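The values are calculated or read from the model by the stated rules, or taken from the named source; none is laboratory data. All values derive from a computational prediction rather than experimental measurement. So basically every Cβ, Gly included, is an ideal-geometry build from the backbone, and we count neighbours across all protein chains shown. Quick note on the areas: whole protein, heavy atoms, side chains included, nothing else; ligands and nucleic acids left out. Shrake-Rupley method; radii C 1.70, N 1.55, O 1.52, S 1.80 Å.
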Amino acid sequence: MAGNALGTLFRITTFGESHGRAVGVLIDGVRPNMDFSEGDIQKELDRRRPGQSGVTTARSEADQVQVLSGVFEGKTLGTPICLLVWNKDQNPKAYDSIKNLFRPGHAGYTYLSKYGIQDYRGGGRSSGRETAGRVAAGGVAKQILAKRGIRIVGYTKSVDGITAQKIVFSEIEKNPVRCPDPEAAKKMERKILKVKKEGDSLGGVVEAVIRNCPAGLGDPVFDKLEADLAKALLSIPAIKGFEIGSGFAAAAMKGSEHNDEFYKEKGTGRIRTKTNYAGGILGGISNGEDIVVRVAVKPPSSIPKAQSTVDTRGKRRTIKVEGRHDPCLCPRVVPVVESMVALVIADHLVRQMLLRRTGSLGSVRNEIDFTDDMLMVLLSRRQELVREVGRLKRKGNVPIPDPRRERQIMGKRLALAADANLTPEFVKAVYKAVFEHSRRVQRKG
Ligand SMILES: Cc1cc2nc3c(=O)[nH]c(=O)nc-3n(C[C@H](O)[C@H](O)[C@H](O)COP(=O)(O)O)c2cc1C
């Protein structure tokens with residue numbers, strides 16, 4: 001069934017359900033002979049995994065990654081990489097009481113409408129657990145980007161109206177909400193725990209910054225970089241909004257305020273902008289400034305508070321979702337956002353390298369090899385034709401050397417030489433060798 005894959009050249013397909021045997025990802029398009037660190041992927045999964053603190057779900061999964069294919073002795077093989085995470089701490093019994101009830105805000109009703117069948121345990125494929133595969137793949141994409149100095153940092157910007165007043169990257173991983181402002185982090189944590197006690201949940205805003213992204217990534221018009229980022233980020237469960245740069249605030253600004261003024265940076269000579277309302281992308285193409293994206297994370301729907309709903313036959317019922325659920329998704333969404341961003345940027349990087357393939361000595365040599373291969377095909381075809389000419393000449397007792405014909409061929413080639421940007425000396429030398437070879441072939445047959 002379609003809809004499980006993302007990317008064009010660097011492409012991922014995720015698989016698995018929350019309470020099935022495993023979740024995972026298949027990654028295609030990773031170059032061979034690249035260093036591959038399983039440890040770095042595990043680090044990313046550890047940041048996403050449940051049971052990290054009081055503000056996340058109590059489900060306790062080790063989320064140990066297993067590399068099933070595509071890697072040999074720490075290097076990529078250029079073949080598909082399959083990464084798997086077993087589901088271990090399942091508690092399907094917790095879902096027995098709500099088996100036939102539609103959880104308000106969850107995907108049971110729409111999955112059933114679409115497929116006519118659904119794995120109700122933990123949301124099945126619609127569960128946040130599916131994102132383990134995305135994060136594992138994001139770990140691979142991050143390794144590719146890191147080699148080019150591209151870094152992605154995500155964090156919780158706000159929770160229930162409490163907003164980070166400063167962005168200190170080194171603070172993010174020091175608090176359970178992953179907020180770059182320690183003061184705001186404390187307030188957020190207190191608020192989440194209070195609302196959790198009340199049997200409810202909270203939403204928030206997660207922001208990500210992409211540093212050192214080169215100018216030129218993004219394929220207008222339908223694969224604009226921000227369009228692909230929006231699609232990737234909105235595909236994360238529980239994401240209800242996307243912004244880039246000034247986002248919705250742009251609607252209330254004047255052109256003179258919103259335009260980012262260009263200047264030439266001293267020292268590097270780079271063209272830069274003084275402000276970054278564009279969020280690092282103009283016309284769908286990265287401009288070399290930081291790319292800044294934001295997503296709205298909804299309050300998770302699974303709450304123990306009593307709510308009104310209907311069962312699968314439409315009968316009015318009351319539901320209390322007990323189980324182990326996140327009271328606020330932001331801390332666990334942070335690594336998922338970073339991963340989706342990394343996947344999109346890695347894909348566009350590969351696409352750009354193909355477009356501007358004359359970038360490195362290796363790629364230019366590849367082009368030369370390809371051209372030489374074509375030359376061999378053409379020379380071989382010419383030799384075949386020359387052999388046929390020799391057969392006809394011998395049959396008709398026509399002399400093999402034909403200086404008039406040779407002068408004709410040479411004259412025509414020299415006339416074309418200038419247009420083809422080739423010197424007459426070079427063309428003469430090539431055709432001298434060609435004529436000698438032709439006479440030999442015609443004589444021998
Ligand atoms: C990492 C992660 C963990 C999640 N955990 C929960 C959860 O514990 N309880 C819940 O109701 N929803 C959770 N969700 C959100 C649901 O999967 C999502 O709301 C549901 O599939 C409906 O999809 P929608 O909100 O995108 O429309 C989680 C999402 C993510 C990304």
* Asked: If you take the residues of the stretch 74-107 that are under 27 Å from Ala137 (Cβ atoms), assigned to a loop (DSSP other than H, G, I, E, B) and hydrophobic (A, V, I, L, M, F, W, C), which of them is nearest to the ligand (Cβ to nearest atom)?
  -> Ala107
* To do: Determine, yes or no, whether Asn91 is of a type in the set (S, T, N, Q), surrounded by fewer than 16 Cβ atoms within 10 Å (Cβ to Cβ) and out of contact with any strand residue (DSSP E or B) (no Cβ under 8 Å at 6 or more places or on another chain).
  => yes
* Structure fact -> Note on the stretch 241-283: residues surrounded by fewer than 11 Cβ atoms within 10 Å (Cβ to Cβ) and either charged (D, E, K, R) or under 25 Å from Val205 (Cβ atoms) (or both) are Phe248, Ala251, Ala252, Lys254, Glu261, Lys264, Glu265, Lys266, Lys274
* Looking only at residues in the stretch 108-123 that are in contact (Cβ under 8 Å) with a residue 24 or more places away in the chain and of a type outside the set (Asp, Glu), which one is nearest to the ligand (Cβ to nearest atom)? -> Gly123
* To do: Only residues in the stretch 39-53 that are of a type in the set (Gly, Ala, Ser) count as the first member; pair them with residues that are open to solvent by 40 Å² or more (accessible area, probe 1.4 Å) and at pLDDT below 95, Cβ under 7 angstrom, at least 6 apart or cross-chain, and list the lot.
  => Gly51/Ala58; Gly51/Ser60
* **Total residues in the stretch 20-73, condition assigned to a strand (DSSP E or B) and over 22 Å from the mean Cα position of the chain (by Cα)** => 2
* To do: Take Pro50 and decide whether it is surrounded by 14 or more Cβ atoms within 10 Å (Cβ to Cβ), in contact with a Ser or Thr (Cβ under 6 Å, 6 or more places away or on another chain) and modelled with pLDDT of 95 or more.
  => no
* Asked: Has the stretch 353-361 got any residue that is at pLDDT below 95, under 43 Å from the mean Cα position of the chain (by Cα) and not in a helix (DSSP H, G or I)?
  -> yes
* State whether one or more residues within the stretch 124-134 are within 12 Å of the ligand (Cβ to nearest atom), in a helix (DSSP H, G or I), buried (at least 21 other Cβ atoms within 10 Å of the Cβ) and at pLDDT below 90. => no
* Structure fact -> Of (1) within 17 Å of Val333 (Cα to Cα); (2) open to solvent by 20 Å² or more (accessible area, probe 1.4 Å), Pro180 fails just (2)
